[in-house]
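Note sheet for the following structure.
The values are calculated or read from the model by the stated rules, or taken from the named source; none is laboratory data. Quick caveat: nothing in here was measured; it's all calculated off a predicted structure. Using ideal geometry, Cβ is built from the backbone for each residue, glycine included, and neighbour counts are taken over all protein chains shown.
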There are 2 protein chains.
Amino acid sequence: MTRDARPQAMGGVTASEVAEREARWALGLVPQLGGVALQGLLATFGSATKVWEASLPALGTVPGIGPAVARALRRFPRGEALREDQARVARAGLRVIVWGDPDYPRRLQEIPSAPPVLYFRGTLAPGDDAAVAIVGARRATAYGETVARELAAELARRGLCIVSGLARGIDAAAHRGALDAGGRTLAVLGSGLDQIYPAEHRGLAGEVIAHGAVLTEFPLGTPPVRLNFPRRNRIISGLSLGVVVAEAGVDSGALITAHHALEQGREVFAVPGRVHARYSEGCNRLIKAGAKLVETWEDVLSELAPQVRPSRPRRAAPPPPPTLTQAEQQVYDILSDGPLHIDALIVRANLPGGRAASALLGLEMKSLVRQLTGKVFERHDSP
Amino acid sequence: MTRDARPQAMGGVTASEVAEREARWALGLVPQLGGVALQGLLATFGSATKVWEASLPALGTVPGIGPAVARALRRFPRGEALREDQARVARAGLRVIVWGDPDYPRRLQEIPSAPPVLYFRGTLAPGDDAAVAIVGARRATAYGETVARELAAELARRGLCIVSGLARGIDAAAHRGALDAGGRTLAVLGSGLDQIYPAEHRGLAGEVIAHGAVLTEFPLGTPPVRLNFPRRNRIISGLSLGVVVAEAGVDSGALITAHHALEQGREVFAVPGRVHARYSEGCNRLIKAGAKLVETWEDVLSELAPQVRPSRPRRAAPPPPPTLTQAEQQVYDILSDGPLHIDALIVRANLPGGRAASALLGLEMKSLVRQLTGKVFERHDSP
């Protein structure tokens, strides 16, 4: 159990490295410290060990650290709290990764409020860097759940790890989709690992653990209180290249995850729904605000593909060749003779005008055709 | 009747102006001449009168005029065709506007393929420059028709003229919405005015005539053949500041209207629908390609407002002050004390995180609040 709880203290690691790791872990146990303040402390003093050695006045100079937090930090029973947490973690058989550990999730480490400690069950694999979050409302419609599950399955099938929050509704559908496809999935909690919430998702959590991990920054014993969830959401987006909001009303916490994603420089996607449909309003609003509209997995993968490292050839799909509709193929073939005006195309293809225009739009979107001046189109591979 | 058919030949108009107008009208009667070729001829020779005087070799030098078209133009029985058309128009009691007439629709005159002649029943008012097209599929769902009708009514209520194509489905819903609101509406046909298509919309056409106009570039007797409709669609977008596609599959002619709008530098809007819903695929695809997502009339009007001239104070609504939700108002008030981090906001507002984030997103979209670095927000009116 100790091995699992302290994977980095083994092998060729120096005593001061172990001490620094424990100092970081202990910082994660100070309830008053948020992720951003913590990174400020590390940046100011150079190491967690030095943060613990800093004087009260020195702590007070760090932006974001008020006198109350500085005092709480100085008074914190560091050794005792750490030993207690380590013992609890060992008893519960959890695994722990501390910020700076070589296997700390690479994407998450990049964000300014990266959590100092992650508790988890299951496995965190380097390939999970190619992750996409699929999130949404707890009270979802059958439409939203179906789309979320299908998207998750299709993306998992193509080697992406699906990140979500184990909540009812869309989150659960996203995890299930990844599991359907035999893919990887990570569930991030807003509580300690001993408090799976909602309780009826304990079975789902077990399946997630077998094909990925359930993880949290909250120590054992932390209840799933409301304020933890917005904070949890930054980890969901932080682990991911992009966040897909599959269905959300305007008051859904999924919008917070989208906000975090924007801040962290990650892509934001949303699945549209009917206007005036209460459960789609958040998604439609996100699209208006610039989120990418998602119809299929291709909309997500085409956007993220440049960032997906080919680190897992076993699972990575070859870049999918664009599939063309019959009309698109026909129009594409006709354009092999050179640029044509849309009217000429309609006549040559003998297609209804609408079909021809739609085929051209499709080909434009697949970057196979471009529009010159007027309504003249040519293939991208034209000489 | 003659007065209606030749409104510009009256009053202080010179004989050469009358001749030029008739020369233009006659150019519109040559079936082989498209709008673009026609504008090329006018640009090359300076006037329609000079086009008719041009030699065969001179006509051949105009880009887009092939030898066959040049010959057709030289052989065209200009005087006879014009007298015949004028007589038919007078008998039918139509009104006619010729390109260059002072009351030719201003927006339409701007496009490179502006039709030389417009036949219409009803009235074309200068205020109709503030127009928006609402178009979509003939086979529409109740969802699409409801949204189109409501949008049309709300926009008409705010002084916008609603342009559409009198077709079944979305077009009819758009005209009806404008009529519901007691607003103005224009219907553009793909046939002569004696061939209202579909026939069951004759009653609707009558209502449109009473509150706007039914118009076409096609002479009397032109049947509603398929190839006329893509051509007709450029007039729908040309008359409008923007085109809203309310519901459309990927093979709908409404996508052509959207294409025309882009080309003409007009705004393109689309109403989203559920993914995998056949009748919404065209709209969702347009949004992916950059069209603006429309939930309500405000999404349209906010985009077009700068271009809507306050020419009709009687009907123009005052710029609507942004209406705030209760949560938005609360968050906005709290921010009057200065910038705040989202976490602090959540605590001060005592709102669930999702509601607070959503309120911030809403305020950002209404340009009342901006995000500083991190998750810190401030009011735009902050000192």
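Values as computed for the structure displayed
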| item | result |
| --- | --- |
| Matching residues in the stretch A:174-204 - criterion: being within 18 Å of residue A:89 (Cα to Cα) and either touching a residue at least 40 places away in the same chain (Cβ under 8 Å) or assigned to a helix (DSSP H, G or I) (or both) | A:188, A:189, A:190, A:192, A:193, A:194 |
| Yes/no for residue A:111 being in contact with a helix residue (DSSP H, G or I) (Cβ under 7 Å, 6 or more places away or on another chain), surrounded by fewer than 22 Cβ atoms within 10 Å (Cβ to Cβ) and either at negative phi or modelled with pLDDT under 95 (or both) | yes |
| Filter result (assigned to a helix (DSSP H, G or I) and either at pLDDT 95 or above or among the polar types (S, T, N, Q) (or both)) within the stretch A:288-297 | A:297 |
| Hits in the stretch B:322-342 (condition: within 22 Å of residue A:234 (Cα to Cα) and either buried (at least 17 other Cβ atoms within 10 Å of the Cβ) or more than 13 Å from chain A (Cβ to nearest Cβ) (or both)) | B:331, B:339, B:340, B:342 |
| Cβ-Cβ under 8 Å pairs, at least 6 apart or on other chains, the stretch A:355-374 side under 21 Å from residue B:265 (Cα atoms) and crowded, with 16+ Cβ neighbours inside 10 Å, far side at pLDDT below 75 and among the acidic types (Asp, Glu) | A:371/A:364 |
| Any hit, the stretch A:120-140, residues being within 18 Å of residue A:28 (Cα to Cα) and in contact with a Ser or Thr (Cβ under 9 Å, 6 or more places away or on another chain) | yes |
| Test: residue B:305 is at pLDDT 80 or above, touching an Asp or Glu at 6+ places or on another chain (Cβ under 9 Å), among the hydrophobic types (A, V, I, L, M, F, W, C) and not in a loop (DSSP other than H, G, I, E, B) | no |
| The listed residue being under 20 Å from residue A:92 (Cα atoms) and not in a helix (DSSP H, G or I), out of A:208, A:225, A:214 | A:214 |
| Residues being at the interface with chain B (Cβ under 7 Å from one of its Cβ atoms), aliphatic (A, V, I, L, M) and over 20 Å from residue A:189 (Cβ atoms) - total across the stretch A:238-263 | 1 |
| Residue match in the stretch A:135-145 (condition: assigned to a helix (DSSP H, G or I) and under 14 Å from the mean Cα position of the chain (by Cα)) | no |
| Tally, over the stretch A:227-237, of residues that are within 12 Å of chain B (Cβ to nearest Cβ), among the aliphatic types (A, V, I, L, M) and touching a Leu at 6+ places or on another chain (Cβ under 9 Å) | 0 |
| Unique match (being closer than 30 Å to residue A:26 by Cβ and more than 14 Å from chain B (Cβ to nearest Cβ)) among A:179, A:108 | A:108 |
| Qualifying positions in the stretch A:45-62 - in contact with a helix residue (DSSP H, G or I) (Cβ under 6 Å, 6 or more places away or on another chain) and in a loop (DSSP other than H, G, I, E, B) | A:47, A:54, A:62 |
| Residue B:200 being away from chain A (no Cβ under 14 Å), of a type in the set (Asp, Glu) and more than 27 Å from residue B:98 (Cβ to Cβ) | yes |
| Flag for residue B:313 being closer than 16 Å to residue B:381 by Cα, modelled with pLDDT under 80 and away from every other protein chain (no Cβ under 14 Å) | no |
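Matching residues to (1) part of a helix (DSSP H, G or I); (2) within 11 Å of chain A (Cβ to nearest Cβ); (3) more than 30 Å from residue A:297 (Cβ to Cβ):
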site	(1), (2), (3)
B:221	no, no, yes
B:265	no, no, yes
B:273	no, yes, no
B:283	yes, yes, no
B:299	yes, yes, no
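To keep it simple, each residue is scored yes or no on (1) in a loop (DSSP other than H, G, I, E, B); (2) among the small types (Gly, Ala, Ser); (3) out of contact with any Pro (no Cβ under 8 Å at 6 or more places or on another chain); (4) surrounded by fewer than 23 Cβ atoms within 10 Å (Cβ to Cβ).
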| residue | (1), (2), (3), (4) |
| --- | --- |
| B:235 | no, no, no, no |
| B:243 | no, no, yes, no |
| B:246 | no, yes, yes, no |
| B:251 | yes, no, no, yes |
| B:259 | no, no, yes, no |
